[in-house]
1. With (1) more than 60 Å from the chain's Cα centre (by Cα); (2) loosely packed, with under 13 Cβ neighbours inside 10 Å; (3) at pLDDT 50 or above as the list, and Ala660 as the residue in question, which single condition is left unmet?
2. For the stretch 429-447, enumerate the residues that are open to solvent by less than 40 Å² (accessible area, probe 1.4 Å) and out of contact with any Cys (no Cβ under 7 Å at 6 or more places or on another chain).
3. Return the pairs, sorted by first residue and then second, in which the second residue is outside any loop (DSSP other than H, G, I, E, B) and hydrophobic (A, V, I, L, M, F, W, C), the first residue lies in the stretch 582-593 and is within 15 Å of Gln624 (Cβ to Cβ), the beta carbons are less than 6 Å apart, and the residues are 6+ apart or on different chains.
4. Are there any pairs, at least 6 apart or on different chains, whose C-beta atoms fall under 8 Å, with the first in the stretch 456-475 and among the small types (Gly, Ala, Ser) and the second open to solvent by less than 80 Å² (accessible area, probe 1.4 Å), and if so, which?
5. Based on what the data block shows, is Val374 among the hydrophobic types (A, V, I, L, M, F, W, C) and outside the structural domain of Ile407 (by the TED database)?
6. So which residues in the stretch 304-326 are loosely packed, with under 13 Cβ neighbours inside 10 Å and at pLDDT 90 or above?
7. Can you tell me how many residues within the stretch 511-542 are at pLDDT 85 or above and open to solvent by less than 90 Å² (accessible area, probe 1.4 Å)?
8. Val182 - would you say it is part of a strand (DSSP E or B) and either over 23 Å from Leu274 (Cβ atoms) or touching a strand residue (DSSP E or B) at 6+ places or on another chain (Cβ under 9 Å) (or both)?
Amino acid sequence: LLLLLLLPLPAAAAPGDFDPYRVLGVGRSSSQADIKKAYKRLAREWHPDKNKDPGAEDKFIQISKAYEILSNEEKRANFDRYGDAGESQGFSQHRQFHRFHDGFYFDESFFHFPFNSERRDTSDEKYLLHFSHYINEIVPDSFKKPYLIKITSDWCFSCIHIEPVWKEVAQELETLGAGIGVVHAGYERRLAHHLGAHSTPTLLGLINGKITFFHNAVVRENLRQFVENLLPGNLVEKITDKNYIRFLSDWRKDNKPHVLLFDHMPVVPLLYKLTAFAYRDYLSFGYVYVGLQGTEELSSQYNINVYTPTMMVFKEHIDRPADVVQAREMKKQLIDDFLSQNKFLVVARLTNQRLFQELCPVKKSHRQRKHCVVLLTGEGEKFAEAYEAFLTFAVANTKDTLKFVHIYNERQPEFADALLMDEEKYRGRSAVVILERRNNAGKIAYRALEEAWTGSKEDNFILLDLLDQLRTDPGLLSSETVVADLNDELAPMFLIRWLYSTLDYISDCWDSLFHSNWREMMPLLSLLFSALFILFGTVIVQAFSDSSDTRDSPPSEKEETAAKTEKNDTSFSKESNSRIPKKGFVEVTELTDINYTSNLVRLRPGHMNVVLILSNSTKTPLLQKFALEVYTFTGSSSLHFSFLSLDKHREWLEYLLEFAQDAAPIPNQYDKHFLERDYTGYVLALNGHKKYFCLFKPHRSGDEGGTLGSCEDYDASLHVEARGKPSCSPGSRSIKNKLHKLSFWMERLLEGSLQRFYIPSWPALD
């Protein structure tokens, strides 16, 4: 007990050894703005890339850790209260123990437990990621190099198990050019959740902003292969004697220098692939395996030492390299220095705004002036001689403050017109312009050669003289203008971009389906199965439902009574609703073989078509009377009104009436057809969905119970236009009286109290 009490005493000051306030040089009452200002100042001073002091890296780590504590209010409060900013469960118990006995400090290092992150190897500290750092720096940087990220936490036995392999692979990949990151799930829960890591340890790759999880055994070979598989497959082309001419000649189409690496390795080294990915926007890469048959001509052509890795850059001339580097061990720093000096052609073509800004940057001061000599030319053999002369001049006069570029007038017409002012002397010919960009808004100062560029000795002397004067007299560029952004000539078509985006989305979904955490996938799977259950359940219910419209026989008396009761209850839902007409007329259409299917056979459930039977001779008076009787019912959206010509479709009507009981025609009344029954004035209410109809029979002439309305009274309230002039003759009154009390019949129709006559199917209307 005495040993336990005495030994931890020197260690009790350990948490207090690191004081974030002292590291940042701020007081305990400092505001967040003061803390942030102090952090930025110290970070710039002690950044390892700028400060070559041996202890700069450790100092920078302490500054970052101090800012992490003080910028987080919860961690800062914990430090102010307990002298530590820990968040683990052990720390909570440690605080409870302090409250229980302030004079006793329990140091977990006494038992040598390696679970707490502060007691572990500090090699991961320089790789620690924070959420804002990840979003603002790591994700954009993933478009230049892939990242291998580890998510870890305290009290993680598996994390300790993979630590030796991870440390070895992280150091190896970092020297090759890959990015390394570590996320502590205990302190960076938001970032861990953003990355989709629900357990520790988790390894994942990041490239082009896309996350890919590692699912194999954690061994060196698998991790290297995982990072290599993240890279696109077409970064480096295998070059032999058969295709090297074609590869090097593509500089004109790609507008890039081409790089060849000669090595005795049968596969492309990972270092070379990572380099090709980092410089893919500027250079095209090829690999020559010198031990392979079929590369002898290539090695002899450029005098290659097959025992030493050799890198060559080819620009406009493919018969000789523009630059060469040889080394027994190609290091990343050596390759970066070599390629960064050869990113552009001698006379690069301006194909987009980004390239224009890099080759012709905006001047920042008088000493940093950079001028661009632009050849505005065209495509084809006609302009080849002028271009070759300009290229020869550029090779002899290229300087750090002077860049030579060319542009195709047809592909960048706005840029060419702004500089040449569409002058006639330059039309169809090449021109040379010296320019300097003044700001990022497109403002430039320039001067064009007085005459068109032909590449003659006189043109060379004039251009050289102007460049010499420009070094001493910047005011030589007397003209100013504003040019629009250049068109992106090499951008893929919209359809191709859309296709690539679709393929990436499908690939992401496929990867998520088989490799995502099932807890994360459960909501999506639940939604999917619910939708499928509802869809197939609806289809099955409809398939096995015993609908009344599938019956071939009329309903029984019990079913008839139930149907009437249901009808009385619903009453087409019109008794409770107002039947105020919505229009000032009655729309009555003729029922023909053309609209027969839509107006009757396939009529929506709950809808009925009220059909008036008439002949050619009775058409006008019956339609007028019919419109007057049914006008008050036109507000119902479930009723449709039609008329049927008895002269055309008598057989169809007689077939229908055979199913009606006591539906004999009016005796002693005949129309012009000899010995044919007179059905004019009949009204049928047809329910196309349930296959039944209700029948209205005209009143006899001597049975009218009311007075007949005159033509004048009718014309005052008429809401339908009829062909011809209404007739007031006694024959017209007799015909109109056939529809007397039709409105009362319509009331009963809506109440559902009329008798229904069912038919097996609707006959064809020929």
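1. Unmet for Ala660, out of (1) more than 60 Å from the chain's Cα centre (by Cα); (2) loosely packed, with under 13 Cβ neighbours inside 10 Å; (3) at pLDDT 50 or above: (2).
2. Answer for the stretch 429-447, where residues must be open to solvent by less than 40 Å² (accessible area, probe 1.4 Å) and out of contact with any Cys (no Cβ under 7 Å at 6 or more places or on another chain): Ser430, Ala431, Val432, Val433, Ile434, Glu436, Gly442, Ile444, Ala445, Tyr446.
3. From the stretch 582-593, the pairs are Val586/Ala627; Val588/Phe641; Val588/Phe643.
4. Ser456/Ala389
5. Here the answer is no, as Val374 does not meet what is asked.
6. Correct list: Asp319, Arg320.
7. Looking only at that region, the number is 3.
8. yes
The values are calculated or read from the model by the stated rules, or taken from the named source; none is laboratory data. All values reported here derive from a predicted model rather than from experimental measurement. In this analysis, Cβ positions are derived from the backbone assuming ideal geometry, glycine residues included, and neighbour counts consider all displayed protein chains. What goes into the accessible areas is simple: the full protein's heavy atoms, side chains included, and nothing from ligands, DNA or RNA. Shrake-Rupley method; radii C 1.70, N 1.55, O 1.52, S 1.80 Å.
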